[in-house]
Amino acid sequence: MHRELRIDDPDAFYERLIELHANRSAADSQLINAKLILMMANEIGDRGVLDELLRALQDDSSKDASG
Amino acid sequence: MPEKYSDIGQARGAGRESRRTFAFVRPPQLGSSKVAHYPVVIAGGGPIGLATAAFLGKAGIKSVVLEKHNSVSDGSRAICWAKRTLEILDRLGIGDHLLDKGVTWNTGKVYFRDSRDPVYAFDLLADKEQKYPAFVNLQQYFVEEYLLELLAEQEFSEVRWQQELVALESSDSEVVVTVDTPDGRYRLSCDYLIAADGHRSPVRAMMGLDFEGRVFEDNFLIADVRMKAGFPVERRFWFDPPFNRGQTALLHKQAADVWRIDFQLGRDIDRDTVLDEKNVDAKIRAFLGPDVDFDYEWVSLYTFHCRRMKQFVHDRVIFVGDSAHLVSPFGARGANGGLQDVDNLVWKLDLLMQKLAPADILKSYDEERIYGADENIMNSTRSTDFISPKSEISKAFRDAALELARDYPFARAIVNSGRLSVPCVLDESRLMTADEDDFTDTMRPGSPCMDAPLSCGGEPAWLLEHLGERFVGLYFSDSETPIPDAARGLELGGIPVDTVTVAASGQDDGEMCDENGNAYLHYDASPGTYYLIRPDQHVAGRWRQFDASRVADALARATCQTT
């Protein structure tokens, strides 16, 4: 799992991500997000990495750290 | 007339009349103060209890089956018999009956919303060169009737109708059971009591034993109907179809123009309202349209359970099938799992009763079949979570996978309409000898043997027909690597290892020959390869060359004779 930035031009990516959800209902957005997660998971492919990501959020240590 | 399972389902119309019934026959022990002894008493005359009696009989072990009702199952119930089950029943000589009477299928299709095209289709039989298909659909009562015919032909088992086990006392040396009949009570003693008395197992209740796991709140309606319909022979599953909006539906063809339609209903339903014939009619009409004539065979309402007992063996009382473990029906892992219990248990009980293996071998039934039950429960729970999502986000992921499935093949693998029964590979069993030599792991120690077409003295034969009911040393030979003399007549502490040789293609030596190379391929064999195979056709160990001492070690391990 990478904790350091790997995305080129993160502001543009973030803008595009928000744009994807523009004018959508919460339910619709949730469906889009679910699709995105499944597609990204398939791109990552590596079960070890996916498990690590899930574990990181299961324990949600980032929330504690940002306090 | 006592109806089987009247509490959760009912046969209607022609379905009710077509079942065979069996008269109460006064047992000789009734009215006698002497307690007759049998090696095995089996509580429950469903497919699992009857198959247990049949396999025990094949091993020459006497048993009495106690069945409280007077007929075979009144409803279709278990209908999807998996390839492994067919292979197990083939060893009893009734696999062909299922194949002839039943409906063969290998493929399934999954539909989503209003589209008439499936989001994807799957084929469950990757290798077509097998004696049996992925599945045969056949009503449970037919299978029970075949087993009963089999038992009637042999002298080892007796089925006692309208006789119910109502009490038991278990000691170190035997189990004494009290049997209730229309003419009063009597007692029998036995070395082992096998509880095949279904998901509500009275034996389990009498012993005050646990049944742990999850119960799901969703409700499902099975409507088995007789009709002439031209639907293709395959498993069809719908998510959110127009005829059952927001829910799922499943369609299976059975023998004699009976079709299973399974409707998801959701939570919080009123049982009586749902089962009202007008409402069942309306559901079926929405699916079939107004013009199809149909008659009811069996109607049942059910919820999912994914549960098992903590242990299946309790001294001299052994639980098999639904009494030991329950799964949701989407995956056909109920009766198919139960048959694997029977297959696992009988040879162990046989060795134990002949004093050729220590009592520890029964513990291995517990270990191996709990492993199998947990695999079934895991798959069944995962399917249930997909079919019946319990939260908004769970439903969003489910719909996301379904919507992606058409254009993104990866998402089809995530769609879960039931992971259909495949035989359990006993990977963690201490009875298996791990590979020391280099082999691919498609088949491996713990796997049930895969079938392959062979020629036997010039006649076509199947490999699996030559395995089972005793330990077999399967030797892959060619002209330069004939079977070593030491591999023949092998025996360990009274347990013989029978030898079966398979000659490489073009090297027919008059025994069996692998003309097409399928056996060599599936078993990753080279000339000289030797497999030790258990009486239940699972691989106990394998080597690139025969070595008597390594085989003896593996046989000792497979029969719990090493510590």
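The values are calculated or read from the model by the stated rules, or taken from the named source; none is laboratory data. Since we're looking at a predicted model, the values are computed, not measured. Glycine also receives a Cβ, built like all others from the backbone with ideal geometry; neighbour counts cover every protein chain displayed.
Selection within the stretch B:386-411: residues that are within 11 Å of chain A (Cβ to nearest Cβ) and in contact with a strand residue (DSSP E or B) (Cβ under 6 Å, 6 or more places away or on another chain). The member of this set that is farthest from B:ASP218 (Cα to Cα) is B:ALA405. In the set (1) without any contact (Cβ under 8 Å) to a residue 60 or more places away in the chain; (2) among the small types (Gly, Ala, Ser); (3) surrounded by 24 or more Cβ atoms within 10 Å (Cβ to Cβ), B:ALA558 fails one condition alone, (1).
If you take the residues in the stretch B:412-434 that are hydroxyl-bearing (Ser, Thr, Tyr) and either facing chain A (nearest Cβ under 10 Å) or in contact with a Gly (Cβ under 7 Å, 6 or more places away or on another chain) (or both), which one is surrounded by the fewest Cβ atoms within 10 Å (Cβ to Cβ)? Show your work before the answer.
Step one: filter the stretch B:412-434 for residues hydroxyl-bearing (Ser, Thr, Tyr), giving B:417, B:421, B:429, B:433.
Restricting the remaining residues to those that are either facing chain A (nearest Cβ under 10 Å) or in contact with a Gly (Cβ under 7 Å, 6 or more places away or on another chain) (or both) gives B:421, B:429, B:433.
On the way: B:SER421: 28, B:SER429: 18, B:THR433: 22.
This residue is B:SER429.
Of all residues assigned to the stretch B:367-375, at least one qualifies as being surrounded by fewer than 23 Cβ atoms within 10 Å (Cβ to Cβ), closer than 30 Å to B:VAL215 by Cα and more than 15 Å from the chain's Cα centre (by Cα). Can you spot a residue in the stretch B:533-551 that is free of Cβ contacts under 8 Å to residues at least 60 places away in the same chain and crowded, with 23+ Cβ neighbours inside 10 Å? The answer is no, given that none of the residues of the stretch B:533-551 is free of Cβ contacts under 8 Å to residues at least 60 places away in the same chain and crowded, with 23+ Cβ neighbours inside 10 Å.
With respect to being of a type in the set (D, E, K, R), in contact (Cβ under 8 Å) with a residue 40 or more places away in the chain, away from chain A (no Cβ under 14 Å) and not in a helix (DSSP H, G or I), B:ASP441 falls outside the description. Considering only the stretch B:127-137, I want to know if a residue exists there that is closer than 27 Å to B:LEU56 by Cα and of a type in the set (Asp, Glu). No: the stretch B:127-137 contains no residue that is closer than 27 Å to B:LEU56 by Cα and of a type in the set (Asp, Glu).
For the residues B:LEU125, B:LEU165, the requirement of being more than 23 Å from B:TRP298 (Cβ to Cβ), of a type in the set (A, V, I, L, M, F, W, C), surrounded by fewer than 19 Cβ atoms within 10 Å (Cβ to Cβ) and in contact with a Pro (Cβ under 8 Å, 6 or more places away or on another chain) singles out B:LEU125.
Assess whether B:ARG382 counts as being outside any helix (DSSP H, G or I), more than 14 Å from every other protein chain (Cβ to nearest Cβ) and closer than 22 Å to B:LEU265 by Cα. If you could, list the steps in order and put the result at the bottom.
Details: outside any helix (DSSP H, G or I): no; more than 14 Å from every other protein chain (Cβ to nearest Cβ): yes; closer than 22 Å to B:LEU265 by Cα: yes.
Here the answer is no, as B:ARG382 does not meet what is asked.
Among the residues of the stretch B:227-249, those that are touching a residue at least 60 places away in the same chain (Cβ under 8 Å) and out of contact with any Leu (no Cβ under 7 Å at 6 or more places or on another chain) comprise B:MET227, B:LYS228, B:ALA229, B:VAL233, B:GLU234, B:ARG235, B:TRP238, B:ASP240, B:PRO241, B:PRO242, B:THR248. Out of (1) touching a residue at least 12 places away in the same chain (Cβ under 8 Å); (2) more than 19 Å from B:ALA519 (Cβ to Cβ); (3) among the charged types (D, E, K, R), the odd one out for B:ASP478 is which? Just one mismatch for B:ASP478, condition (2).
Tell me, yes or no, whether the stretch B:288-304 has at least one residue that is outside any helix (DSSP H, G or I) and modelled with pLDDT of 95 or more. Even if it seems obvious, please write down each step before you answer.
So in the stretch B:288-304, the residues outside any helix (DSSP H, G or I) come out as B:289-304.
Next cut, modelled with pLDDT of 95 or more only: none.
No, the stretch B:288-304 has no match at all.
Just to be sure I understand, how many residues within the stretch B:262-283 are in a loop (DSSP other than H, G, I, E, B) and either surrounded by fewer than 14 Cβ atoms within 10 Å (Cβ to Cβ) or assigned by TED's automatic domain parsing to the domain that holds B:SER328 (or both)? Quick ask: steps written out before the conclusion?
Applying the first criterion (in a loop (DSSP other than H, G, I, E, B)) to the stretch B:262-283 yields B:267-270, B:276.
Then drop every residue that is not either surrounded by fewer than 14 Cβ atoms within 10 Å (Cβ to Cβ) or assigned by TED's automatic domain parsing to the domain that holds B:SER328 (or both), which leaves B:267-268, B:270, B:276.
Residues in the stretch B:262-283 being in a loop (DSSP other than H, G, I, E, B) and either surrounded by fewer than 14 Cβ atoms within 10 Å (Cβ to Cβ) or assigned by TED's automatic domain parsing to the domain that holds B:SER328 (or both): 4 in total.
Every residue, every condition in (1) touching a strand residue (DSSP E or B) at 6+ places or on another chain (Cβ under 6 Å); (2) crowded, with 19+ Cβ neighbours inside 10 Å; (3) over 22 Å from B:MET378 (Cβ atoms), yes or no:
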site: B:LEU188; (1), (2), (3): yes, yes, yes
site: B:TYR192; (1), (2), (3): yes, yes, yes
site: B:ALA195; (1), (2), (3): yes, yes, yes
site: B:HIS199; (1), (2), (3): yes, no, no
site: B:ARG214; (1), (2), (3): yes, no, no
site: B:ASP218; (1), (2), (3): no, yes, no
site: B:ILE222; (1), (2), (3): yes, yes, yes
site: B:GLY230; (1), (2), (3): no, no, yes
site: B:ARG235; (1), (2), (3): yes, yes, no
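With respect to (1) closer than 29 Å to B:GLY337 by Cα; (2) outside any strand (DSSP E or B); (3) free of Cβ contacts under 8 Å to residues at least 60 places away in the same chain, the lone exception for B:VAL500 is condition (2). Among B:LYS348, B:LYS363, which is over 20 Å from the mean Cα position of the chain (by Cα) and either without any contact (Cβ under 8 Å) to a residue 40 or more places away in the chain or surrounded by 15 or more Cβ atoms within 10 Å (Cβ to Cβ) (or both)? From the options B:LYS348, B:LYS363, the qualifying one is B:LYS363.
When B:GLY473, B:GLY493, B:GLY468, B:GLY489 are checked against the criterion of being exposed (fewer than 15 other Cβ atoms within 10 Å of the Cβ), in the same structural domain as B:ARG550 (by TED's automatic domain parsing) and touching a residue at least 12 places away in the same chain (Cβ under 8 Å), B:GLY493 stands alone in meeting it.
So which residues in the stretch B:116-168 are in a loop (DSSP other than H, G, I, E, B) and touching a Leu at 6+ places or on another chain (Cβ under 8 Å)?
Going residue by residue through the stretch B:116-168, those that are in a loop (DSSP other than H, G, I, E, B) are B:116-119, B:124-134, B:138-139, B:154-156, B:162-163.
B:VAL119, B:LEU124, B:LYS131, B:TYR132, B:PRO133, B:ALA134, B:LEU138, B:PHE156, B:GLN163 - these are the residues of the stretch B:116-168 that are in a loop (DSSP other than H, G, I, E, B) and touching a Leu at 6+ places or on another chain (Cβ under 8 Å).
Pairs are defined by a Cβ separation below 6 Å, a sequence spacing of at least 6 or placement on different chains, a first member in the stretch B:84-99 that is assigned by TED's automatic domain parsing to the domain that holds B:GLY57 and within 15 Å of B:ALA332 (Cβ to Cβ), and a second member that is outside any helix (DSSP H, G or I) and modelled with pLDDT under 95; the pairs so defined are B:ARG84/B:PRO423. Candidates in the stretch B:100-114 are the residues that are in a loop (DSSP other than H, G, I, E, B) and at pLDDT 95 or above; of these, the one that is nearest to the chain's Cα centre (by Cα) is B:GLY102. Of all the criteria given as (1) closer than 30 Å to B:TRP105 by Cα; (2) out of contact with any Ser or Thr (no Cβ under 9 Å at 6 or more places or on another chain), the one not satisfied by B:ASP224 is (2).
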